1. Filter region A:401-447 down to residues that are surrounded by fewer than 22 Cβ atoms within 10 Å (Cβ to Cβ) and β-branched (Val, Ile, Thr) and give me whichever is farthest from the chain's Cα centre (by Cα).
2. Select from region A:376-400 the residues that are surrounded by 15 or more Cβ atoms within 10 Å (Cβ to Cβ), in contact with a helix residue (DSSP H, G or I) (Cβ under 8 Å, 6 or more places away or on another chain) and within 14 Å of chain B (Cβ to nearest Cβ) and list them in ascending order.
3. Evaluate region A:492-507: report whether one residue or more is assigned to a strand (DSSP E or B), farther than 26 Å from A:Phe179 by Cβ and outside the structural domain of A:His91 (by TED's automatic domain parsing).
4. Across region B:162-174, which residue is surrounded by the fewest Cβ atoms within 10 Å (Cβ to Cβ) among those that are in contact with a Phe, Trp or Tyr (Cβ under 9 Å, 6 or more places away or on another chain) and within 7 Å of chain A (Cβ to nearest Cβ)?
5. So A:Leu491 passes all but one of these: (1) more than 14 Å from every other protein chain (Cβ to nearest Cβ); (2) touching a Leu at 6+ places or on another chain (Cβ under 6 Å); (3) hydrophobic (A, V, I, L, M, F, W, C). Which condition number does it fail?
6. Does B:Gly180 satisfy the condition of being closer than 30 Å to B:Gly274 by Cα and in contact with a helix residue (DSSP H, G or I) (Cβ under 9 Å, 6 or more places away or on another chain)?
7. Any idea how many residues of region A:438-451 are assigned to a loop (DSSP other than H, G, I, E, B) and within 11 Å of chain B (Cβ to nearest Cβ)?
8. For region B:65-88, name all the residues that are away from chain A (no Cβ under 14 Å) and outside any helix (DSSP H, G or I).
Amino acid sequence: MNWKNILFSIFLIAITGSLLTGCLTAQKSSKNALRYSAGAEPQTLDPRKSTGLPEANIEAQIFEGLTTIGPNGQPLPAVAEYWTISADGLHYKFFLRKNARWSNGDPVIAKDFEYAWKSALNPKLASEYAYQLYYLKNGEAYNKGFTDETQVGVNALDAHTLEIDLEQPTAYFLSLLAFHTYYPVHLQTVQNNDLWATEPKTLVGNGPFKITNWIHNSKIEFSQNDFYWDIDKVKIKSLEFILTESSAAELAMFENKQIDVGENIPVSEYPRLLDAGVLKINPFLGTYFFCFNTTKPPLDNPKVRKALSLAINREELIQHVTKGGQKPALAWVPYGLADAAGTADFRLVGGSYLQDNDIATARRLLAEAGYPEGQGLPVIALLYNTNEMHKAIAEAVQEMWKKNLGISVNLTNQEWKVFLNSRHKGDYQIARHGWIGDYADPMTFIDMFMSDSGNNDAQYKNPEYDRLVKAAKSASDPRLRMQIMHAAEQLLFDDAVLAPVYFYTRPLLIRPSIKGVLHSVLGVIYFKEAYIEQ
Amino acid sequence: MHFLIHRLASMFLVLFVIITATFLLMHAIPGGPFTTEKNLPEAIQKNMEERYHLNDPLWKQYADYLAHVASGDLGPSFKYENRSVNDLIRESFPVSAELGVIAIFWAICLGIPAGIIAAVYHNRWPDYIAMFLTTIGISVPGFILAALLIFVFALQLGWLPAALWEGPSSTVLPALALTGLPTAFIARLTRSGMLEVLNQDYIRTVRAKGLSQYTILTRHALKNALIPVVTYLGPLIAGILTGSFVIETIFAIPGLGRHFVTSIYNRDYTVILGITIFYSALLVTLNLLVDIVYALLDPRIKLNEGKDD
């Protein structure tokens, strides 16, 4: 045989072989499963310990709290059938459904909740989100090791009655109960097995679905939890969460029909996907802003801060740079939160605290501060974490400040954790910031700027602000409470602690035939009532 | 035997230096595994550090770590609750390795013949075509090749899945994207090695003896021409088997490659160290194998030559 023939045939086999094997076995997404691209590999599926949204999204399918979040963001009864609240707002009594069951058939009992919350607060479990339970009486003291677990304000009175005592009246406590840190865990399973949340076999849940298979960094498969009390409403037979962080891969899989729902897609594709009718832009409880370090000159002067904030053209930024259908932020608390019970949106009631692109006022303020036309103002440093979008926004703002106020700004970027370190320590002048609400109440934004708040990266210290927030926290009249929070927000803008840029949105890539997917304002996705229209 | 003991000892020394350097560098970067956007209450930070012994003095953490590594335990991941670094490698390495073996197989099967053809037809059209293709293979980055392959074979033709790791069909595109660079490199190394060998006296001698071109190439020339390729194969195999961050991200493949990058973002100290050790151990082992293969290919190379220097 001629050597040329041999080489030639190797070539042919190599090329055709690699393509053919693939084509013959090419497979599209499994027939009946709904596939959702769920982002990163979950760090843990123990609801007591998880912190991120990818984890919360998985747990929302397999667990259920005392309440759940309804289509308009309101808390609805879930494991709890009904409840009573004492007049002072400190004592709650929850009556659990008798037919609520775990995925192994055991009834969900009050003790499961008590155990879950107390163990989450146990310093030995070292849960990062233990502070979400600091609302409970002595929750913080127990977590810090000052008292023992018997003092924590949660007690199972009997199998189906749970009594809760709070530190102080908390108007949004019913919404909080839908949050994953407040999910129950199956006591018998969890007590004896530290590794329970790592294996589908022992990962006992009480939600509409249960996990049947978990391939790390690849996918999680769910089937219906036959014991779920509200199973009649669950229509999807099986569900698959694909674990990938690549937005390009996600879009390619969507177009190749390997997934049906996704959230993380390249911004440049938004217009095309919106036109195609497969992209929905949902509100999301978050504010993108520039945080001023209020202790570093010249930013210790509120007039300089205010001038900078006013000289940003947010409309233009959103139209030409971010392109995600965001809303310009002219206040701190985003849309989507109810004002005093039953009334309008908190943001609509509060209105705007500044005007977009108000260059005249900005210039006047800057002159009053002693820097007419920006003269005499040292170069200011703006810090952001390395990311193409943050860079584009920072550059646009840099340009606006130069053009409108004659101010020179240096841009610096740092890798994420280095950046966080600098920002937490106050080692910056202006820093890019984005705050996502933890629970559906304005307080999740308002209390961030208290003097002793761990997240007060602005280093803002104003006793009047602290007084207002404390008053709001202890107010039991919801209308008064909202009024105080509006006043606090006003103060925040009188002092120009931050320059808000936009309110986040959460795009959802979804096939038009898929209905009933609930995407909460906190970003959690619920497939409980999802179905595919034929 | 002497050679082996000598080499093994130096391998352990190299690994030790790598562990120490990585350990120090990693702790020198600002931010830790529990640095998060939402600043944690001090008590919680303390609880978490205590759980993972991060509040011990650095020298103690280092000593404890070395002791664990010596017993084969690479420690728990800080990011992934209740999963050990050993688990992480056990789950993800086979995926990267499978993909890597396919890619290396194609790289050798395509690269060596292409190099031989180019050398035999030196400065004629098969040479030009082969060198043109290899220039493209070397200069086009893997992620561009991947995007192109996805566009053509997944999105346009719909023959293959665009991403995910589900069965043989899903290995084709990532393997092709991964194999581009090494194929081109191997082809070029083979070509230059072959050209050099073909001009040597002993080839002229066998030619004069009247042997067929095929026999000359396979029996006499190829063995010597392959030495640079073998040198390259050591680090190539270590690199490809441990996965590529870019390719695994683009194709959403649950391999080891992504951990090299994400563990650093996450400051997942034990994972950073664990996979660095794993990769280094693989690399030094393969380099040792390469040295042994040299001796098999070319009897003139002696394994204990280095000792006499």
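1. Per the stated criteria, the residue is A:Val409.
2. Within region A:376-400, A:Leu383, A:Tyr384, A:Asn385 meet the criteria.
3. Residues of region A:492-507 assigned to a strand (DSSP E or B): A:498-507.
Narrowing further to those that are farther than 26 Å from A:Phe179 by Cβ: A:499, A:501.
Cutting the leftovers down to outside the structural domain of A:His91 (by TED's automatic domain parsing) gives us A:499, A:501.
Yes; the residues of region A:492-507 include at least one that is assigned to a strand (DSSP E or B), farther than 26 Å from A:Phe179 by Cβ and outside the structural domain of A:His91 (by TED's automatic domain parsing).
4. Initial filter on region B:162-174 (in contact with a Phe, Trp or Tyr (Cβ under 9 Å, 6 or more places away or on another chain)): B:162-165, B:169-174.
Now drop any that are not within 7 Å of chain A (Cβ to nearest Cβ), which leaves B:162-165, B:169, B:172.
On the way: B:Ala162: 28, B:Ala163: 29, B:Leu164: 25, B:Trp165: 21, B:Ser169: 18, B:Val172: 24.
Top of the filtered list is B:Ser169.
5. (2)
6. On the way: closer than 30 Å to B:Gly274 by Cα: yes; in contact with a helix residue (DSSP H, G or I) (Cβ under 9 Å, 6 or more places away or on another chain): yes.
Here the answer is yes, as B:Gly180 does meet what is asked.
7. Here is the first cut: in region A:438-451, the ones assigned to a loop (DSSP other than H, G, I, E, B) are A:438-442, A:450-451.
With within 11 Å of chain B (Cβ to nearest Cβ) added as a condition, the list becomes A:438.
The total comes to 1.
8. Going through region B:65-88, the residues away from chain A (no Cβ under 14 Å) turn out to be B:65-75.
Within region B:65-88, B:Ser71, B:Gly72, B:Asp73, B:Leu74, B:Gly75 meet the criteria.
The values are calculated or read from the model by the stated rules, or taken from the named source; none is laboratory data. What you see is a predicted model, and the numbers here were worked out from it, not measured in a lab. Cβ sites come from the backbone with ideal geometry, for glycine too, and all protein chains shown count toward neighbours.
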